[in-house]
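Following: one structure in structure tokens, then a few remarks.
The values are calculated or read from the model by the stated rules, or taken from the named source; none is laboratory data. Worth saying up front: this structure is predicted, and the values here are computed from it rather than measured. For neighbour counting, all protein chains shown are included, and Cβ atoms are generated from backbone atoms with ideal geometry for every residue, glycine included. SASA here: full protein model, heavy atoms, side chains in, ligands and nucleic acids out. Shrake-Rupley method; radii C 1.70, N 1.55, O 1.52, S 1.80 Å.
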Amino acid sequence: FGLHPNAEISYMTESTRELWSGLVSMQPRGGGGAGVSTEELIAKTAADIQNKIPTEFDVPVLRKKLSAMNPDKAPTPIQVTLLQELDRWNTLNSYMKVSLRDL
């Protein structure tokens, strides 16, 4: 089951620190030469991730299809949960696209 709210905050904070620590350690270090600049590396990585983001789900169409599958035309509780999660997924995808484009 879920974590206590304070434990969840601590967990997320530590996870974020570990993520950023790993990202910073992968950055190229100074030195001269014909290497790729940090900005170019970030732009390339962002573009690569952006190309891998899947298309959004068409939730209204899925809602109609799920309703048609049920005898009383109302979605079941698990279908409602699925639709809610798909809405969240679409929001996350949109946010990622905008954030990566802005990099």
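Candidates in segment 50-62 are the residues that are surrounded by 13 or more Cβ atoms within 10 Å (Cβ to Cβ) and closer than 21 Å to Tyr95 by Cα; of these, the one that is farthest from the chain's Cα centre (by Cα) is Val59.
Cβ separations smaller than 8 Å between residues 6+ apart or across chains give the following pairs from segment 14-40 residues that are modelled with pLDDT under 70 to residues that are of a type outside the set (D, E, K, R) and open to solvent by 70 Å² or more (accessible area, probe 1.4 Å): Pro28/Val36.
Does Ala43 qualify as being surrounded by 13 or more Cβ atoms within 10 Å (Cβ to Cβ) and modelled with pLDDT under 90? Taking the combined requirement at face value, the residue satisfies it.
Looking at the structure I just gave you, is Thr38 among the polar types (S, T, N, Q), open to solvent by less than 70 Å² (accessible area, probe 1.4 Å) and within 22 Å of Trp20 (Cα to Cα)? Yes, satisfied.
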